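The values are calculated or read from the model by the stated rules, or taken from the named source; none is laboratory data. Just so we're clear, the structure is a prediction, and the values are computed from it rather than from any experiment. Note that each Cβ is placed from the backbone with ideal geometry, even for glycine, and that neighbours are counted across all protein chains shown.
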Amino acid sequence: MPTAVLPLGVVRPDLPAVAEPDASASGLEDGHGRTARDLRVSLTDRCNLRCSYCMPAEGLPWLPGRTILTDDEVGVLVRVAVEQLGVRKLRFTGGEPLLRPGLARIIAAAASLRTDEGRVPELSLTTNGVGLDRRIESLAAAGLQRVNISLDSLDRERYAALARRDRLDDVLRGLAAADAAGLRPVKVNTVVMRGVNEGDVVPLLDFCVRRGYQLRFIEQMPLGPKHGWDRSQMVPAAEILALLGTAFALAPAPGRGSAPAEEWLVAASGDRPAGRVGVIASVTAPFCAACDRTRLTADGQVRNCLFAHSETDLRTPLRDGASDEDLAALWRGAHRAKAAGHGIGSEGFHQPERGMSSIGG
Ligand code: SAM
Ligand code: SF4
């Protein structure tokens with residue numbers, strides 16, 4: 001039987017209003033009791049697709065090449081994050097991170113670091129999957145542990161319309177290659193858009209469950225082309241779950257921590273095995289109170305939130321010879337000012353200047 005869906009706009013009662021303070025005083029603590037352990041590193045703002053919720057068809061004015069951190073500069077800032085600031089998870093993203101020629105080198109440098117717990121940091125990649133089949137062996141050998149691959153439709157024409165490029169077959173090859181390379185569970189990200197791909201929700205979950213991939217549906221956020229987001233066009237988590245409930249028996253998965261995905265167990269049925277699915281309700285049930293993220297853009301700016309309106313420049317001090325300790329102090333200061341929440345829906349909310357592809361999703 002399908003389970004009841006979450007009511008729209010209800011803040012999850014199982015999340016603390018303020019996260020427990022962390023014991024380490026030298027990490028990335030903010031003024032609301034949260035500690036960042038998860039760094040999103042954008043390696044480029046460029047992309048070979050043009051997903052309609054992310055970029056305009058004509059692309060964006062790209063960041064000037066001289067402002068983009070070199071592989072070594074990325075290595076320094078990642079080292080500062082892990083060794084000085086207590087970061088334990090690193091996710092490389094973009095734009096499209098596979099467009100970065102030095103990706104394997106950057107991953108290998110990150111894999112040589114040790115966290116404050118003496119472990120290799122968790123190393124993952126968010127990618128559109130195009131060309132991943134040709135790179136996956138070298139990325140895995142460099143130390144990549146996980147991939148999230150974006151896939152918004154299994155229908156070739158709809159995929160091509162949505163991504164404005166006919167690359168579905170490339171993405172499916174990338175998915176299969178990640179699985180074959182043992183980067184399991186392969187995670188799939190789907191943004192659901194009203195009147196566009198709601199009909200893909202059930203086939204996508206069936207496809208993923210049968211292959212052991214973990215699918216996560218994402219509510220569309222106001223981070224794409226300017227004025228392109230409209231709350232009424234966003235398909236809320238509750239509606240996504242209702243759509244899934246027509247074809248799958250779902251039960252809430254136990255435990256959540258700071259993970260943004262609300263996880264559900266999918267019961268086995270007929271020849272379809274059991275699986276899991278996530279629904280990231282960033283807009284209707286924000287998880288800001290438990291957010292443990294910090295972000296570094298491809299041009300060396302620290303952002304303490306996707307929706308922040310200010311950034312802290314680390315590229316200039318880095319190029320001027322700042323020490324790891326100096327860079328860590330700047331980063332700590334930037335993080336302390338992190339807002340309590342993103343404020344989507346509140347009066348006065350306005351979209352940040354940078355879009356998702358430039359911040360790093
Ligand atoms: N190019 C890679 C990819 O597509 O996976 C990495 C960068 S992309 C910006 C990272 C993630 O952000 C993708 O899963 C994408 O679907 C998601 N995304 C982009 N724009 C979004 C928006 N406006 N709302 C919600 N998610 C968005
Ligand atoms: Fe490119 Fe990813 Fe944005 Fe799509 S979501 S345009 S693949 S950066």
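Any chance you could count how many residues in region 331-340 are in a loop (DSSP other than H, G, I, E, B) and surrounded by 18 or more Cβ atoms within 10 Å (Cβ to Cβ)?
Qualifying residue count, region 331-340: 1.
Just give me the residues in region 225-237 being over 14 Å from Gly195 (Cβ atoms) and buried (at least 19 other Cβ atoms within 10 Å of the Cβ), in sequence order.
Correct list: Pro236, Ala237.
Restricting the search to region 220-239, which residues are more than 19 Å from the chain's Cα centre (by Cα) and either more than 16 Å from ligand 2 (Cβ to nearest atom) or closer than 12 Å to Val279 by Cβ (or both)?
Across region 220-239, the qualifying residues are His227, Asp230, Arg231, Ser232, Gln233, Ala238, Glu239.
Matching residues to (1) touching an Asp or Glu at 6+ places or on another chain (Cβ under 8 Å); (2) part of a loop (DSSP other than H, G, I, E, B):
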residue: Arg276; (1), (2): yes, no
residue: Val279; (1), (2): yes, no
residue: Ala298; (1), (2): yes, yes
residue: Thr316; (1), (2): no, no
residue: Ala322; (1), (2): no, yes
residue: Ala329; (1), (2): no, no
residue: His342; (1), (2): no, yes
residue: Ser346; (1), (2): no, yes
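Among the residues of region 311-327, is any buried (at least 21 other Cβ atoms within 10 Å of the Cβ), out of contact with any helix residue (DSSP H, G or I) (no Cβ under 6 Å at 6 or more places or on another chain) and either on the phi > 0 side of the Ramachandran plot or at pLDDT below 95 (or both)?
The answer is no; no qualifying residue exists.
Testing Phe207 on (1) under 30 Å from Pro352 (Cα atoms); (2) assigned to a helix (DSSP H, G or I), one condition comes back false. Which one is that?
If we test Phe207 against (1) under 30 Å from Pro352 (Cα atoms); (2) assigned to a helix (DSSP H, G or I), just (1) comes out false.
Under the condition of being hydroxyl-bearing (Ser, Thr, Tyr) and within 11 Å of ligand 1 (Cβ to nearest atom), which residue from region 25-64 is surrounded by the fewest Cβ atoms within 10 Å (Cβ to Cβ)?
In the first step, residues of region 25-64 are kept if they are hydroxyl-bearing (Ser, Thr, Tyr); the result is 26, 35, 42, 44, 52-53.
Subsequent filtering for residues that are within 11 Å of ligand 1 (Cβ to nearest atom) retains 42, 44, 52-53.
Values: Ser42: 31, Thr44: 22, Ser52: 19, Tyr53: 23.
Looking at residues that are hydroxyl-bearing (Ser, Thr, Tyr) and within 11 Å of ligand 1 (Cβ to nearest atom), I get Ser52.
Determine if region 225-245 includes at least one residue that is closer than 29 Å to Gly86 by Cα, away from ligand 1 (no atom under 12 Å from the Cβ) and at pLDDT 95 or above.
no
State whether the residues of region 101-124 include one that is within 12 Å of ligand 1 (Cβ to nearest atom), within 17 Å of Cys51 (Cβ to Cβ) and in contact (Cβ under 8 Å) with a residue 24 or more places away in the chain.
There is no residue in region 101-124 that is within 12 Å of ligand 1 (Cβ to nearest atom), within 17 Å of Cys51 (Cβ to Cβ) and in contact (Cβ under 8 Å) with a residue 24 or more places away in the chain.
(1) within 16 Å of ligand 2 (Cβ to nearest atom); (2) over 24 Å from Val130 (Cβ atoms); (3) in contact with a strand residue (DSSP E or B) (Cβ under 7 Å, 6 or more places away or on another chain); (4) of a type in the set (Phe, Trp, Tyr): which one isn't true of Phe217, the others all being true?
Unmet condition: (2).
Filter the helices (runs of 4 or more DSSP H) completely within region 65-184 down to those with at least 3 residues that are among the hydrophobic types (A, V, I, L, M, F, W, C) and surrounded by 19 or more Cβ atoms within 10 Å (Cβ to Cβ).
Passing ranges, in order: 71-79, 103-111, 132-142, 168-180.
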